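What follows draws every value from the coordinates through simple rules; no lab data is involved. Given the structure is predicted, the values throughout are model-derived calculations rather than measurements. As a convention, Cβ positions derive from the backbone with ideal geometry for all residues, glycine included, and neighbour counts pool all protein chains shown.
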Amino acid sequence: MEYAIIILLALAVLLLIISFYGKDRLKMVQEEIDQLSLSMIQETYLLKKKIKVLEEELLTNDINYEMGPPQTSAMSLSNSSILSLYDKGFSYEEIGRKTNVPVEEVRLILEQAKKMGLI
């Protein structure tokens, strides 16, 4: 009888020690939630940044409308695609080829965007 109690006590101590060194599933779930939360915050930040750029572009389009003839939607689309390609690191020549816009016009659009602080 004494041996059984000693064996059970030793087994209990051994299991207690093992539980301290075992993987904590709750901690793993918490880390996954933290990672998901960080990625959502990053995506939200990027979306807010893009919305801000779009709002500024809309404001500049309104100003350009008051100052001169309105841009066509194709022209506005090519300007945004030029800015997008420039942000991706393409050269002026590559942007001109991809958008079918002369290189000099690409430079003018990008210079104007730099002056307005869009890039």
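Here are the numbers for the structure shown:
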quantity	calculated
The chain: angle of helix 25-67 to the longest principal axis, Cα-based, in degrees nearest 10	10
Contour excess over end-to-end distance, with Cα ends at residue 23 and residue 119 and 0.36 nm allotted per residue	29.8 nm
Gaussian network model of the chain, Cα within-10 Å springs - most flexible of 21, 92, 45	21
Cα-based helix-to-principal-axis angle, 103-116 vs the chain, degrees rounded to 10	70
Descending semi-axes in whole angstrom, ellipsoid equivalent of the chain, from the Cα gyration tensor	65, 16, 9
Calculated [θ] (222 nm, deg cm²/dmol) that DSSP helices of n ≥ 4 give over the chain, each run adding -39,500 (n - 2.57)	-29000 deg cm²/dmol
Cβ charges +1 (Lys, Arg) and -1 (Asp, Glu), total dipole of the chain, debye	160
Exposure proxy ranking, count of Cβ atoms within 10 Å, fewest first, for 90, 20	20, 90
Additional length obtainable on full extension of the chain from residue 43 to residue 7, 0.36 nm per residue less Cα span	7.4 nm
Angle between the chain longest axis and helix 73-87 axis [Cα atoms, degrees, rounded to 10]	50
Over the chain, relative contact order from alpha-carbon pairs under 8 Å, at least 6 apart, %	16
Distance between modelled label sites at residue 33 and residue 52, nm, 7 Å Cα→Cβ extension	3.0
